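Here the structure is laid out as structure tokens; the discussion comes afterwards.
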Amino acid sequence: MARLPFTFKDAGKVTVKVLTTQEEITVKEDDVSPMNPPKFDKIEDMAMMTHLNEASVLYNLKERYAAWMIYTYSGLFCATVNPYKWLPVYDQEVVTAYRGKKRMEAPPHIFSVSDNAYQFMLTDRENQSVLITGESGAGKTVNTKRVIQYFATISVGGDKKKDAGPGKMQGSLEDQIIAANPLLEAYGNAKTVRNDNSSRFGKFIRIHFGTTGKLASADIETYLLEKSRVTFQLPDERGYHIFYQMMTNHKPELLELALITTNPYDFPMCSMGQITVASIDDKVELEATDNAIDILGFTNEEKMSIYKMTGAVLHHGNMKFKQKQREEQAEPDGTEDADKVAYLLGLNSADMLKALCYPRVKVGNEYVTKGQTVPQVLNAVTALAKSIYERMFLWMVIRINQMLDTKQQRNYFIGVLDIAGFEIFDFNSMEQLCINFTNEKLQQFFNHHMFVLEQEEYKKEGIIWEFIDFGMDLAACIELIEKPMGIFAILEEECMFPKASDTTFKNKLYDQHLGKSRAFEKPKPAKGKAEAHFSLVHYAGTVDYNISGWLDKNKDPLNESVLQLYQKSSVKLLALLYPPVVEEASGGKGGKGGKKKGGSMQTVSSQFRENLGKLMTNLRSTHPHFVRCLIPNESKTPGLMENFLVIHQLRCNGVLEGIRICRKGFPSRILYGDFKQRYKVLNASVIPEGQFIDNKKASEKLLDPSMLIMMSTDLDTPRCSSKLVCWVLLRR
């Protein structure tokens with residue numbers, strides 16, 4: 001949508017001139033938005049524009065992006081557009097330039113958001129959070145790195161630590177925080193269709209500070225690792241980076257240690273899509289990963305176990321099974337790859353194969369042997385590979401947190417949330433529902449912070465105001481997903497019944513919600529459209545979901561006989577990842593990684609809801625700062641912006657929602673003291689020189705009705721003149 005000035009109207013239509021092409025076209029009047037005066041071109045804060053609408057927001061972002069101004073404020077938001085090229089705006093000189101600057105004293109930048117959070121923490125003695133969201137490829141991870149870089153640079157306490165020996169913390173704390181990135185990226189990032197280095201998990205990094213603002217320690221919480229990528233990739237995607245790093249032969253000892261080759265095609269599990277990425281040098285990245293493991297203080301035994309178990313995950317995909325003659329029972333089709341898996345995991349190969357083909361299951365108080373078909377065994381093998389990878393990843397996060405912990409006092413923290421943005425694909429499964437539900441909750445959190453809390457300020461100020469609850473805009477969809485007899489509750493209930501199926505799950509959803517909840521709809525079939533079973537009306541659009549295989553995904557079943565072998569493994573790390581499960585009588589969880597609770601399994605959805613609940617509790621205890629990352633185009637071309645793609649993201653990211661809320665309330669404000677200083681020249685007699693008058697009372701005197709006409713001419717915009725002169729809000 002281009003910037004379109006009016007020329008004339010005719011029967012509900014207008015003729016406009018497209019400034020970019022000078023072409024005149026006739027369109028419906030409702031499709032045209034009023035343009036802003038030229039003084040607002042490339043404005044740094046879009047909330048200050050006279051006319052707030054989609055076209056103006058897009059035009060402003062596009063003009064700034066063309067000039068490589070990739071950061072722009074929009075009220076409480078800082079929007080950033082991926083430049084798809086390196087820009088020299090993150091070096092030490094830039095860090096220094098933003099240190100101690102108020103938001104409007106320097107151009108928009110992720111460092112400005114970071115410094116404001118830091119200053120607010122010191123001034124208000126309150127925990128802060130920086131919420132970074134956006135689609136895959138929008139630049140969330142890069143901006144998260146920049147936030148951490150900024151805090152690590154400006155708040156260093158103490159001298160750097162020298163080599164502390166194996167198993168001890170090495171390097172300074174800021175080195176370790178930054179060093180955690182290569183390791184987490186190697187095991188948690190992969191190439192997607194849109195992004196060469198996409199984080200396939202969400203993370204909330206808490207950076208702790210002492211009373212004086214010195215860096216004390218840090219910890220990381222992770223969410224929703226996409227473990228399905230371990231065993232499956234689309235043609236234009238690639239698996240987790242670590243597999244390809246190890247196969248570069250940059251460190252030949254790793255090939256021998258993990259019994260792997262330099263050819264990814266020797267391992268079907270990681271070669272379904274691409275095996276190289278043009279923008280990534282796997283040799284350089286392996287060096288960074290290996291160094292990170294050392295800096296973070298992993299012991300040599302732990303380091304070797306990590307590489308061996310990574311190799312074992314790959315070998316799982318090479319294990320072959322065949323059907324016995326005249327029966328459905330599966331049996332090994334050669335044992336070479338199984339022997340490699342068993343060796344790397346510290347198991348007996350024959351015992352492992354027997355447990356896979358003839359698992360023992362508990363029936364009542366007795367154990368019986370149950371035969372398995374070839375598909376059942378192959379499903380069990382892939383499930384175990386994904387489980388090992390996921391648990392090892394989560395364990396690494398725990399170990400990183402232990403290494404980042406110090407004896408220094410923690411007084412406040414700044415949390416940085418890097419999590420996947422709202423997604424609408426042609427085919428949407430359970431993973432998309434979890435991601436979209438998370439964003440629904442985050443948007444509700446923003447709406448509440450942005451406006452509900454502000455309206456409470458209006459009330460305190462005695463302003464006559466009709467209360468609007470923008471949080472209620474999202475309530476219907478949120479309740480449909482998380483409340484009793486909601487989608488997750490029904491999914492978890494179905495997982496308890498052995499005979500439940502996709503069909504019974506779908507029927508329950510329809511019986512409970514179709515026609516009863518405005519957020520639940522029957523999908524509309526269309527030619528060439530992927531099969532869908534139900535639709536949800538989210539704040540950012542209606543999404544069709546396919547429920548095929550959700551029950552198995554949610555139960556996440558593992559072969560218990562194999563797990564018992566893991567518990568006795570000679571590889572200490574594997575045994576640690578699979579501790580014995582506490583039996584029913586205890587009614588508790590089976591230690592770290594235990595899947596059972598009171599005799600019943602903990603489902604993926606219940607674990608996700610528990611983690612999301614903790615995240616929201618953390619965020620509600622902080623003062624939040626919002627960063628929205630945008631993809632300018634699908635071709636990763638620097639400087640090119642595709643209009644409809646960006647508009648879609650502005651809606652999904654809640655930027656336009658924030659602007660809508662801005663227009664309803666009083667976004668323009670000024671401190672009483674600043675107001676008095678700025679306007680006392682217009683009526684100096686009400687504030688005698690040398691006489692102290694409270695700033696608030698002085699502002700009230702200046703706001704005498706006779707002053708309004710004069711003062712309105714000094715304000716920036718007509719929108720502000722009708723509001724700001726009537727109300728000056730003291731920021732508490």
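The values are calculated or read from the model by the stated rules, or taken from the named source; none is laboratory data. Note that the structure is predicted; figures quoted are calculated from it, not measured. Note that we place each Cβ from the backbone using ideal geometry, even for glycine, and neighbour counts take in every protein chain shown.
Candidates in segment 302-325 are the residues that are part of a loop (DSSP other than H, G, I, E, B) and not charged (D, E, K, R); of these, the one that is surrounded by the fewest Cβ atoms within 10 Å (Cβ to Cβ) is 325. Taking segment 221-254 as the range and being part of a helix (DSSP H, G or I) and surrounded by 18 or more Cβ atoms within 10 Å (Cβ to Cβ) as the test, the residues that pass are 227, 229, 230, 241, 242, 243, 244, 245, 246, 254. Cβ separations smaller than 7 Å between residues 6+ apart or across chains give no pair from segment 514-535 residues that are exposed (fewer than 11 other Cβ atoms within 10 Å of the Cβ) to residues that are of a type in the set (D, E, K, R).
Conditions (1) of a type in the set (Val, Ile, Thr); (2) more than 30 Å from residue 115 (Cβ to Cβ); (3) at pLDDT 90 or above, marked per residue:
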{"site": "597", "(1), (2), (3)": "no, yes, no"}
{"site": "602", "(1), (2), (3)": "no, yes, no"}
{"site": "612", "(1), (2), (3)": "no, no, yes"}
{"site": "621", "(1), (2), (3)": "no, no, yes"}
{"site": "630", "(1), (2), (3)": "no, no, yes"}
{"site": "649", "(1), (2), (3)": "no, no, no"}
{"site": "660", "(1), (2), (3)": "no, no, no"}
{"site": "669", "(1), (2), (3)": "no, no, no"}
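Comparison of 529, 524, 555, 499 shows that the only residue that is closer than 30 Å to residue 346 by Cα and modelled with pLDDT under 95 is 555. Test each condition in (1) at pLDDT 95 or above; (2) within 22 Å of residue 384 (Cα to Cα); (3) buried (at least 21 other Cβ atoms within 10 Å of the Cβ); (4) hydrophobic (A, V, I, L, M, F, W, C) for residue 259 and report the one that comes out false. Condition not satisfied by residue 259: (3).
Where strands (runs of 3 or more DSSP E) fall entirely within segment 326-432, those with at least 2 residues that are modelled with pLDDT under 90 are at 360-363, 366-369, 412-420.
If you go through segment 272-301 and keep only what is part of a loop (DSSP other than H, G, I, E, B) and buried (at least 21 other Cβ atoms within 10 Å of the Cβ), you end up with 296, 297, 298.
Residues checked against (1) more than 26 Å from the chain's Cα centre (by Cα); (2) of a type outside the set (Asp, Glu); (3) part of a helix (DSSP H, G or I); (4) surrounded by 16 or more Cβ atoms within 10 Å (Cβ to Cβ):
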residue: 62; (1), (2), (3), (4): no, yes, yes, yes
residue: 65; (1), (2), (3), (4): no, yes, yes, yes
residue: 73; (1), (2), (3), (4): no, yes, no, yes
residue: 86; (1), (2), (3), (4): no, yes, no, no
residue: 89; (1), (2), (3), (4): no, yes, no, yes
residue: 93; (1), (2), (3), (4): yes, no, yes, no
residue: 100; (1), (2), (3), (4): yes, yes, no, no
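Between 497, 505, the distinction of being touching a residue at least 40 places away in the same chain (Cβ under 8 Å) and not acidic (Asp, Glu) belongs to 505 only. Selection of segment 288-307 for residues being small (Gly, Ala, Ser) and either farther than 14 Å from residue 254 by Cα or within 26 Å of the chain's Cα centre (by Cα) (or both) yields 288, 292, 297.
Just name the residue that is nearest to residue 110 (Cα to Cα) out of those in segment 433-460 that are modelled with pLDDT under 85 and among the charged types (D, E, K, R). Explain how you work it out, then say what you get.
Filtering segment 433-460 down to residues modelled with pLDDT under 85 leaves 447-460.
Now drop any that are not among the charged types (D, E, K, R), which leaves 454, 456-457, 459-460.
Working: 454: 24, 456: 29, 457: 28, 459: 33, 460: 32 Å.
For segment 433-460, the residue satisfying everything is 454.
When each of 97, 55, 106 is tested for being of a type in the set (A, V, I, L, M, F, W, C) and touching a residue at least 40 places away in the same chain (Cβ under 8 Å), the lone residue that passes is 55.
Anything in segment 324-339 that is of a type in the set (D, E, K, R) and out of contact with any Ser or Thr (no Cβ under 9 Å at 6 or more places or on another chain)? List them, or say none. Quick ask: steps written out before the conclusion?
Residues of segment 324-339 that are of a type in the set (D, E, K, R), as a first pass: 324, 326-328, 331, 333, 336-337, 339.
Matches in segment 324-339: 324, 326, 327, 331, 333, 336, 337.
The residues listed here are 380, 385, 420, 350; of these, the one that is in contact with a strand residue (DSSP E or B) (Cβ under 9 Å, 6 or more places away or on another chain) and either touching a residue at least 60 places away in the same chain (Cβ under 8 Å) or not aromatic (Phe, Trp, Tyr) (or both) is 420.
Please go through segment 318-347 and give me each residue that is under 23 Å from residue 570 (Cβ atoms), without any contact (Cβ under 8 Å) to a residue 24 or more places away in the chain and of a type outside the set (A, V, I, L, M), ordered by number. Step through it out loud before you land on a result.
Residues of segment 318-347 that are under 23 Å from residue 570 (Cβ atoms), as a first pass: 318-319, 332, 335-347.
Remaining after also requiring without any contact (Cβ under 8 Å) to a residue 24 or more places away in the chain: 335-339, 342.
335, 336, 337, 339 - these are the residues of segment 318-347 that are under 23 Å from residue 570 (Cβ atoms), without any contact (Cβ under 8 Å) to a residue 24 or more places away in the chain and of a type outside the set (A, V, I, L, M).
Can residue 429 be described as more than 29 Å from residue 617 (Cβ to Cβ), hydroxyl-bearing (Ser, Thr, Tyr) and touching a residue at least 24 places away in the same chain (Cβ under 8 Å)?
On the way: more than 29 Å from residue 617 (Cβ to Cβ): no; hydroxyl-bearing (Ser, Thr, Tyr): yes; touching a residue at least 24 places away in the same chain (Cβ under 8 Å): yes.
Here the answer is no, as residue 429 does not meet what is asked.
I'd like the full set of residues that are under 15 Å from residue 83 (Cβ atoms), outside any helix (DSSP H, G or I) and in contact (Cβ under 8 Å) with a residue 12 or more places away in the chain, limited to segment 635-653.
Within segment 635-653, the first condition is being under 15 Å from residue 83 (Cβ atoms), and the residues that meet it are 635-642, 646.
Adding the requirement that they be outside any helix (DSSP H, G or I) leaves 635-642.
Answer for segment 635-653, where residues must be under 15 Å from residue 83 (Cβ atoms), outside any helix (DSSP H, G or I) and in contact (Cβ under 8 Å) with a residue 12 or more places away in the chain: 636, 637, 638, 639, 641.
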